[in-house]
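Below: one structure, written as structure tokens.
The values are calculated or read from the model by the stated rules, or taken from the named source; none is laboratory data. These numbers were taken from a predicted model, which means no experiment stands behind them. Quick reminder, even Gly has a Cβ in these numbers, built from the backbone with ideal geometry, and neighbours come from all protein chains shown.
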Amino acid sequence: MSNKYYIKTFGCAMNFSDSERLSTLLENYQLKSAQKIERASLVIFNTCGIRQMAEDRVYGQIHNLRKNYPNIKIILTGCLSHRPDVQFRLKNKVDLFYKISDKNKIKNWLNKNYPKAQNPKSRTKVSHQENIAYLSVAPKYTDKHQAFVPIMTGCNNFCAYCVVPYARGREVSRSAEEILMEIKNLIQKNYKDIILLGQNVNSYCGTFKGKRIDFATLLQMINNLSGNFWINFISSHPKDMSDKLIKTFTSLEKVCEHIHLPIQAGDNKTLKRMNRKYTRMHYLKLIKKIKIGFEKNKPGKIFSITTDIIVGFPGETKEQFRKSAEVMHRVKYDMVYFGQFSPRPGTTAWNMKDNVSKQEKVRREKYLNEILKKSSYANNKKYVDKIIDILIEKEKNGFYYGKTRTAKNVKLLIGKNKNLIGNFIKTKITKANIWNLEGEIIS
């Protein structure tokens, strides 16, 4: 049997980070990564259950893989792995279902199926606090300049549409010592963009030297580390966005001038049905505080604000939908990630009547996207003729592609500037487009 694995990852940044840690676990068994799925003896699907479309893609790919390569071992983990209906549907196609945090279960399976590949690392003990223990596994980073660093996992909020609390369990935070050690190692390896992850980073409640600390304190500690790097974080929940946190992230030197703050809906009744635990007015006050914070603490610097909006949530009337549009007009977002409501088994919204048609959901998303185009373009025009730092991420067809501290994508002509990937480069922005910027390297 070929001792090669292939991980197919769906969904959020946390899933991609989980897959990086899973790679390390597999390679402790002397399994090697396959470049193509058909060359692997073991394929792992790290799944996302946030929308039906993502779920259907998993079913289709597993069906085709089992049909065309019947001897391949298949494991399913991630947000779909806990659901009995998924396990029943795939019971004859998947060899193992396991929660991403359950290291014991997959290690026992690997011991049985790859007994000759064991080494001492594969027999290490696992903490009983399994929900967080798997995050102590050193990841096999897939990027050489940007790294995801989970600071917590799980969620206590139980938003009506969301599967995360059921798939990942309640919130558990890593210790600050463990997080700082991981980041220090990344800095030593010249990583430039450190992205802190959690289903709700704002409610981080870890420890440092045995004492509880909050997210604002953790940000301060990371900012104090020596080195030239950026700090970003996702995702934030408005109900836990404190004044202390706003003051902290709008003032720290290494924390980027960008915040992603999901509103999901602009109508109070819809927010209540979603169980979001804040009102439209509370959210707008937070946005005002954030803007004032950036303007006060980093005068002259451009900042960006992004969000998530669900269209067509059960019971959302046209008038309630228009309130989401009103919020977009007021905030003038740099980017909005839209999602057409998709009922998820096990959630509260699963039992609500999905009474907004598919056609209406499409119409509403298009309407909001037109508002976004205008605000995105207007915001992008602020960058023209500015000289700013760009992190160069890749090159293709004679151009470099990178991003700003405000998460804007930038296209740059390479010219005589060679070997700049993974570096901060001074760039003059020469053109603003709706979704990106263009510029020229000046140093």
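Numbers for the structure displayed
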quantity: Among (1) in contact (Cβ under 8 Å) with a residue 40 or more places away in the chain; (2) out of contact with any Gly (no Cβ under 8 Å at 6 or more places or on another chain), the one test that Gly402 misses; calculated: (1)
quantity: Check on Glu365, among the acidic types (Asp, Glu), within 26 Å of Gly11 (Cβ to Cβ) and in a loop (DSSP other than H, G, I, E, B); calculated: no
quantity: Extreme residue, farthest from the chain's Cα centre (by Cα), among residues of the range 344-358 that are surrounded by fewer than 16 Cβ atoms within 10 Å (Cβ to Cβ) and of a type in the set (D, E, K, R); calculated: Lys353
quantity: Test: residue in the range 162-184 that is free of Cβ contacts under 8 Å to residues at least 12 places away in the same chain and part of a helix (DSSP H, G or I); calculated: yes
quantity: Residue that is surrounded by the fewest Cβ atoms within 10 Å (Cβ to Cβ), among those in the range 198-210 that are assigned to a loop (DSSP other than H, G, I, E, B) and touching a helix residue (DSSP H, G or I) at 6+ places or on another chain (Cβ under 6 Å); calculated: Gln199
quantity: Pick from the range 425-437, criterion in contact with a Ser or Thr (Cβ under 8 Å, 6 or more places away or on another chain) and surrounded by fewer than 18 Cβ atoms within 10 Å (Cβ to Cβ), ranking: farthest from Glu395 (Cα to Cα); calculated: Ile434
quantity: Some residue of the range 40-49 being surrounded by 20 or more Cβ atoms within 10 Å (Cβ to Cβ), among the hydroxyl-bearing types (Ser, Thr, Tyr), outside the structural domain of Ser236 (by TED's automatic domain parsing) and more than 30 Å from His260 (Cβ to Cβ); calculated: no
quantity: Criterion violated by Val356 - all others in (1) touching a residue at least 60 places away in the same chain (Cβ under 8 Å); (2) farther than 30 Å from Thr250 by Cα; (3) among the β-branched types (Val, Ile, Thr) satisfied; calculated: (1)
quantity: Test: residue in the range 341-349 that is out of contact with any His (no Cβ under 6 Å at 6 or more places or on another chain), under 29 Å from Cys162 (Cα atoms), among the aliphatic types (A, V, I, L, M) and in contact (Cβ under 8 Å) with a residue 12 or more places away in the chain; calculated: yes
quantity: Selected residue (only one of Ile231, Ile195, Ile213 is more than 26 Å from Glu393 (Cα to Cα) and part of a strand (DSSP E or B)); calculated: Ile213
quantity: Yes/no for Thr77 being among the polar types (S, T, N, Q), in contact with a helix residue (DSSP H, G or I) (Cβ under 7 Å, 6 or more places away or on another chain) and either under 12 Å from Ile7 (Cα atoms) or modelled with pLDDT under 95 (or both); calculated: no
quantity: Scope the range 359-376; condition without any contact (Cβ under 8 Å) to a residue 24 or more places away in the chain and exposed (fewer than 13 other Cβ atoms within 10 Å of the Cβ); matching residues; calculated: Gln359, Lys366, Glu370
